[in-house]
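The values are calculated or read from the model by the stated rules, or taken from the named source; none is laboratory data. Quick caveat, the model's predicted, so the values are computed rather than measured. All Cβ positions, glycine included, derive from the backbone under ideal geometry; neighbour counts span all protein chains shown.
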Amino acid sequence: MSRLFVSAAHKSSGKTTVCIGLCAALAARGETVQPFKKGPDYIDPLWLGMAAGRPCYNLDAYLMNTDEIRAQAAQAMRGASIGIVEGNKGLYDGLDLEGANSNAAMAALLGTPVVLVIDARGMTRGIAPLILGYQAFDRNIRIAGVILNQLGGSRHEAKLRAVIEHYTGVPVLGAVQHDERMAIAERHLGLVPSNEAAAARGVIDEIAAHIAAQVDLDALRAVARQAAPLAAPATTPPAPGGAPVRIGIARDSAFGFYYPGDLDALRSAGAELVSFDALHAAHLPAVDGLFIGGGFPETHMDELAANTSLRRELHDAIEGGMPAYAECGGLMYLARSIEWDGRRAEMAGVIPADIVMHRRPVGRGYVHLRETGHSPWPRAASPVIRAHEFHYSSVENLAPDTEFAYEVERGYGIDGRHDGIVHKNLLASFAHLRDVAGNPWARRFVDFVRSCGHAA
């Protein structure tokens, strides 16, 4: 299984843009590309998945054990000819002193050669000690090549190539010139998601053309073939626990934050996923339950507010007992209103509270949750659930007698102490869950939907 681990010396080096271009350029040359993203992220995987033409799977050492990571990588690689893992932050950055959660540790776990993307703006001879330091820091990590990024022109490139060749011996696999046409628009949570960008395919094709012209794709293929075989443990998918159920899932420009592995787990548990467009669909599909994931309802709040018929049907369905699960953006949509940048828009009104957007993150990072016993779902086996959050919004005017599914031991959640608003058969939280061995939430939710027997 040919694979590359694309990392960087530090964050904001342009590795996501490079990875998008590599996925699309290799796919255009006949490769079946399987993208991966290290860590918790929705936006980069949407772009990588569109570029490759295959869903991008997240590999997260904080939420998954090592066997799960290997198994996920091996399973996703079935039918692919090359895998590209995009790291997060810098190669050796991590959550602890030993770097157990670092990109380097993930590359070593997967036996995957590392390609280092270096933002070379303003650099000449100083690039040599940078590369040498990264080589020497951990001898178990093989830096198989570098891609120079944001170059200032052909003279700059020539100088850097000469320095790297003379001092390091590390192959230069590509040299990408600074070009505004390769930029992807950003806002408060990072890149604008590809499910929102109307011209996303054109942006990807533009990036791919630049990468194909400035990166040695044949050399990259040769490096990828040096990856160690994936020794994934044998796993048996769990059998569905009963009759199939239909779960409506909001998938549109406002809501697109779903992990492909979690969607696979929902299907394995016996759910048929029925997509609906919260912006334009006048009616809910005939379903037994609802899943509204994260996204950017604040940037679409006028369109969401204008779709009064769907908002009314959502409200009535959940008030009538339909089981529903909402994460972050989904929670915001089910509240009474969203206020952002001096404007306010009415939402579904299921949750008796209002959402206010802020200029800085309210909650960001991994969270630890302990169940209170108020969750409508079957109780989790693990006493502490690990998840993650990233929101600029707060919940205001929430009733004092609100029941919560979780106590927050790490993170912020709703109020710094609680998360998981429980209303009828709705569970709505800022926490994003991952269906992993420590928290197989998909089966718990599907079993709950099945137990309700709520066919619409």
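Matching residues to (1) crowded, with 24+ Cβ neighbours inside 10 Å; (2) assigned to a helix (DSSP H, G or I):
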| position | (1), (2) |
| --- | --- |
| SER12 | no, no |
| VAL18 | yes, yes |
| LEU22 | yes, yes |
| PRO40 | no, no |
| TRP47 | yes, yes |
| PRO55 | no, no |
| TYR62 | no, no |
| ASP67 | no, yes |
- prompt: Does any residue in the stretch 265-288 that is more than 17 Å from GLY330 (Cβ to Cβ) come within less than 6 Å, Cβ to Cβ, of a residue that is among the aliphatic types (A, V, I, L, M) six or more places away or on a different chain, and which pairs are these?
  reply: ALA265/ALA442; ALA269/ALA442; ALA269/VAL446; GLY270/VAL446; ALA286/ALA456; ASP288/VAL245; ASP288/VAL449; ASP288/ALA455
- request: Look at ASP96 and say whether it is farther than 16 Å from CYS23 by Cα, free of Cβ contacts under 8 Å to residues at least 40 places away in the same chain and in the same structural domain as ALA27 (by TED's automatic domain parsing).
  value: yes
- request: Would you point out the residue of the stretch 274-301, among those that are touching a strand residue (DSSP E or B) at 6+ places or on another chain (Cβ under 7 Å) and aromatic (Phe, Trp, Tyr), that is surrounded by the fewest Cβ atoms within 10 Å (Cβ to Cβ)?
  value: PHE276
- prompt: Can you tell me which residues in the stretch 45-67 are out of contact with any Pro (no Cβ under 9 Å at 6 or more places or on another chain) and not hydroxyl-bearing (Ser, Thr, Tyr)?
  reply: MET50, GLY53, LEU59, ALA61, MET64, ASN65
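Conditions tested, residue by residue: (1) at pLDDT 95 or above; (2) over 18 Å from THR16 (Cβ atoms); (3) under 28 Å from the mean Cα position of the chain (by Cα); (4) in a loop (DSSP other than H, G, I, E, B).
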{"site": "VAL115", "(1), (2), (3), (4)": "yes, no, yes, no"}
{"site": "THR124", "(1), (2), (3), (4)": "no, yes, no, yes"}
{"site": "PRO129", "(1), (2), (3), (4)": "yes, yes, no, no"}
{"site": "ALA136", "(1), (2), (3), (4)": "no, yes, no, no"}
{"site": "ILE141", "(1), (2), (3), (4)": "no, yes, yes, yes"}
{"site": "ALA144", "(1), (2), (3), (4)": "yes, yes, yes, no"}
{"site": "LEU148", "(1), (2), (3), (4)": "yes, no, yes, no"}
message: Here is a list: VAL408, VAL362. Which entry is surrounded by 23 or more Cβ atoms within 10 Å (Cβ to Cβ) and in contact with a strand residue (DSSP E or B) (Cβ under 8 Å, 6 or more places away or on another chain)?
response: VAL408
- request: Would you mind stating whether LEU433 is within 28 Å of GLU298 (Cβ to Cβ), buried (at least 21 other Cβ atoms within 10 Å of the Cβ) and within 19 Å of the chain's Cα centre (by Cα)?
  value: yes
task: Inspect the stretch 308-317 for any residue being touching a residue at least 60 places away in the same chain (Cβ under 8 Å) and either within 21 Å of the chain's Cα centre (by Cα) or in the same structural domain as MET50 (by TED's automatic domain parsing) (or both) and give the result as yes or no.
output: no
message: Please return the ranges of strands (runs of 3 or more DSSP E) entirely within the stretch 320-393 where 2 or more residues are farther than 28 Å from HIS300 by Cβ and at pLDDT 95 or above.
response: 363-371, 384-391
query: So, of the residues in the stretch 69-88 that are aliphatic (A, V, I, L, M) and more than 19 Å from GLU31 (Cβ to Cβ), which turns out to be surrounded by the fewest Cβ atoms within 10 Å (Cβ to Cβ)?
result: ALA71
query: Does the stretch 373-392 hold any residues that are under 19 Å from the mean Cα position of the chain (by Cα) and crowded, with 18+ Cβ neighbours inside 10 Å, and which are they?
result: ILE385, ARG386, ALA387, HIS388, GLU389, PHE390, HIS391
- prompt: Quick one: how many residues across the stretch 247-289 are in a strand (DSSP E or B) and not aromatic (Phe, Trp, Tyr)?
  reply: 11
query: Could we say that LEU91 is part of a loop (DSSP other than H, G, I, E, B), buried (at least 24 other Cβ atoms within 10 Å of the Cβ) and not assigned by TED's automatic domain parsing to the domain that holds LEU263 here?
result: yes
field: Filtered residues of the stretch 16-52 (kept if modelled with pLDDT under 95 and touching a Gly at 6+ places or on another chain (Cβ under 7 Å))
entry: TYR42, ILE43, LEU46
